Amino acid sequence: MYDKYLSPLSERYASEEMQYIFSPDKKFRTWRRLWIALAETERELGLPVTQEQIDELKEHQDDINYEVARQREKEVRHDVMSHVYAYGVQCPKAKGIIHLGATSCYVGDNTDLIVMTEALRLVKKKLVNVIAELTKFADKYKAQPTLAFTHFQPAQPTTVGKRATLWMMELKLDLEDLEYLIGSMRLLGSKGTTGTQASFLELFEGDHEKCRRLDQRIAEKMGFEGCYPVSGQTYSRKVDSRVLNVLAGIAQSAHKFSNDIRLLQHLKEIEEPFEKSQIGSSAMAYKRNPMRSERIASLANYVMADAMNPMLTASTQWFERTLDDSANKRISIPEGFLAVDGILDLYLNVVDGLVVYPKVIEKRLMSELPFMATENIMMDAVKAGGDRQELHERIRSLSMEAGKNVKVNGQDNNLLELIAADPAFGLSLDDLKAAMDPSRYTGRATQQVEEFLAYVIAPLLEENKELLGLKAEINV
C-alpha cells in the first residue's frame, strides 16, 4: 500500500459511508438493479421476457463475478459489455435479454444519478446535524456578551450565541438549496443512443405510449419520481454542475465558520477541541494550532475550485454526446462529495467540542466598552443639564487621549477616569462604572437568538428529526 498513490480523501478525510456510495461495488450492483428494472418493465409492457429470466437475474443480483468481468474487459475494452457478459455467464437463461434495447448510458448515467442522489441525502443528514449542534451552542451562549467586529475592528457588542446564528443562517440557505436539488433529481431513463428512444420504439412496434411508460416505470422501480423528459444520449451535464455548485455553497459556509474560529482562537476567546496528546507544532511545544478549522478551509478551497470542472464539461458537450466528460466526471464528482463529507464531519466535530473562555471574552470587551458607551454617557450628562454639542467635543477629545494611552503608551483604557475628572460631565467614576454593564449594549442579540432558534431552526430540526443523532469521527 506504500508503493502507489492513494487519495487523501479516502485515507484521511471522507467517511466509510460516503466512500462506499462512490465505490465500484455500489456502481456495479446498481447496474444490475437497473438491468432487472429494464427487464421487468419490458415484460410488463409485453416484450418476450419471462419471469424465469427475471428470477434468474435477481438470484445473481449481488454476487458479482468481478474476475470474469475484468478478463472480458481486457479483450473487448468496454466496461458495460464486459459486465453484460459476466452477468450472462451467471444467468444463461437470461443472457439474451440483458440490456435489451439499451445503450451504455442506460446503466452508466442512471447509476451516476442514483449515486449522486444518495450522496446528496448523506450530505443533507450531516448538514442537519451540524445545524443541530450549533443550535445547542447558540442557545447556551445566547446572552454571553462579546466584542463584535466589523473589518476586524472593535464594533458594538453582540453575543457569542448571536454570532453562531450567523453561521447557522448560511447553513440554512445551503440546506434549502440542497433540498431543492434533491427534489429535482430525475433519472435519464431509457432514451437510447441519441435520446430518441428509437430502439425501444422498434421493440414496441411503434407504440409511443409504451415507450413513455417504460421510462416512468423504471424511474419508480429505482425510487425516483420520473425521468428527465428529453436528453441526448446522456443526461445534461448541467445536472453535475448544479450538484457541485450546491456542494461548493456548503464549502463556502464552512470556510467562513472555520475562519471565524481561527481568529477567535488567536484571540484566545474560543478554541476548537484539542486532544490531550495532540501535538500543535514539531518545534513549539506550547502551540495549540486550529488544525481542524484549517483543514475545513483547505478542503473547502478544493471544493470551490472543483465546481469549475462540471461547468467546463457541461459547456463543451457537442450535440447529443461526446466522451470528453468521462475522465473528468470520474474524478470531479466523487471527489467533490468526498471532500464535502470530510468538511461536514470536521465541522460537526469542531462545534461539538468548542471551548469558550468567558473571562477572556469579558476582559477584551471591557477594554473597549468605554468607547462604545460614550453615547449613553453623553445622554446621561445631557439629562443632568449638560450641553450636547460641547459634551460631544469633550468626549471626542478624551477618547483620542485614551486611545493614545492604549496604543502608544501600552496602558489600560482610562477613558472613564478622564470623563470623571472633567467637570463638564458632572458624573462620578462610580456613576460611569455603573453604566458599564455589557448587556446594555448588545441590543436584541439575545432575543434574536431565541426567536431564530424557535421560529426558524426548531421547525427545520423537527422536520428532519429522523436524521439527528449523528456523531462525527475524524481519522487524523
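The values are calculated or read from the model by the stated rules, or taken from the named source; none is laboratory data. Computed from a predicted structure; not experimentally measured. All Cβ positions, even for glycine, are placed from backbone atoms using ideal geometry, and neighbour counts span all protein chains on display.
Below are the figures for this structure:
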| quantity | calculated |
| --- | --- |
| Candidates 148, 132, filtered to the one that is crowded, with 17+ Cβ neighbours inside 10 Å, free of Cβ contacts under 8 Å to residues at least 40 places away in the same chain and small (Gly, Ala, Ser) | 148 |
| Among (1) crowded, with 16+ Cβ neighbours inside 10 Å; (2) in contact with a Phe, Trp or Tyr (Cβ under 8 Å, 6 or more places away or on another chain); (3) of a type in the set (S, T, N, Q) - the single one residue 475 does not satisfy | (1) |
| Selection within the stretch 41-80 - within 38 Å of the chain's Cα centre (by Cα) and more than 23 Å from residue 221 (Cα to Cα) | 65, 66, 67, 69, 70, 73, 77, 78, 79 |
| Residue in the stretch 383-403 that is in contact with a Lys or Arg (Cβ under 7 Å, 6 or more places away or on another chain), assigned to a helix (DSSP H, G or I) and not small (Gly, Ala, Ser) present | no |
| Among the residues listed as 381, 402, 458, 472, the single one being closer than 30 Å to residue 350 by Cα and touching a helix residue (DSSP H, G or I) at 6+ places or on another chain (Cβ under 6 Å) | 472 |
| Number of positions in the stretch 295-352 that are of a type in the set (A, V, I, L, M, F, W, C), in contact (Cβ under 8 Å) with a residue 24 or more places away in the chain and farther than 20 Å from residue 124 by Cβ | 4 |
| Any hit, the stretch 314-335, residues being acidic (Asp, Glu) and crowded, with 22+ Cβ neighbours inside 10 Å | no |
| Cross-chain or 6+ apart pairs with Cβ under 6 Å, the stretch 361-373 first and at negative phi, then among the aliphatic types (A, V, I, L, M) | 364/147; 365/147; 368/147; 369/436; 370/415; 370/416; 373/435 |
| Close pairs (9 angstrom Cβ cut-off, 6 or more residues apart or separate chains): free of Cβ contacts under 8 Å to residues at least 60 places away in the same chain in the stretch 11-29, outside any helix (DSSP H, G or I) anywhere | 25/64; 28/64; 29/61; 29/62; 29/64 |
| Complete set of residues in the stretch 411-433 that are over 18 Å from residue 390 (Cα atoms), without any contact (Cβ under 8 Å) to a residue 12 or more places away in the chain and in a loop (DSSP other than H, G, I, E, B) | 411, 428 |
| Residue within the stretch 89-111 that is in contact (Cβ under 8 Å) with a residue 40 or more places away in the chain, assigned to a helix (DSSP H, G or I) and under 30 Å from residue 455 (Cα atoms) present | no |
| Helices (runs of 4 or more DSSP H) within the stretch 284-372 that include 2 or more residues in contact with a strand residue (DSSP E or B) (Cβ under 8 Å, 6 or more places away or on another chain) and within 22 Å of residue 160 (Cα to Cα) | 358-372 |
| Test result for residue 473, out of contact with any Leu (no Cβ under 9 Å at 6 or more places or on another chain) and under 28 Å from residue 352 (Cα atoms) | yes |
| Pairs with Cβ under 7 Å, 6+ apart, first in the stretch 156-178 and under 11 Å from residue 131 (Cα atoms) and among the basic types (Lys, Arg), second buried (at least 24 other Cβ atoms within 10 Å of the Cβ) and modelled with pLDDT under 95 | none |
| Subset tally (residues that are within 20 Å of the chain's Cα centre (by Cα) and either of a type outside the set (Val, Ile, Thr) or surrounded by fewer than 21 Cβ atoms within 10 Å (Cβ to Cβ) (or both)) for the stretch 247-275 | 15 |
| Within the stretch 208-226, tally of residues that are crowded, with 16+ Cβ neighbours inside 10 Å and in a loop (DSSP other than H, G, I, E, B) | 2 |
| Extreme residue, nearest to residue 27 (Cα to Cα), among residues of the stretch 51-76 that are without any contact (Cβ under 8 Å) to a residue 12 or more places away in the chain and polar (S, T, N, Q) | 71 |
| Subset of the stretch 188-202 (residues that are in contact with a helix residue (DSSP H, G or I) (Cβ under 8 Å, 6 or more places away or on another chain), buried (at least 19 other Cβ atoms within 10 Å of the Cβ) and in contact (Cβ under 8 Å) with a residue 40 or more places away in the chain) | 188, 189, 190, 191, 192, 200 |
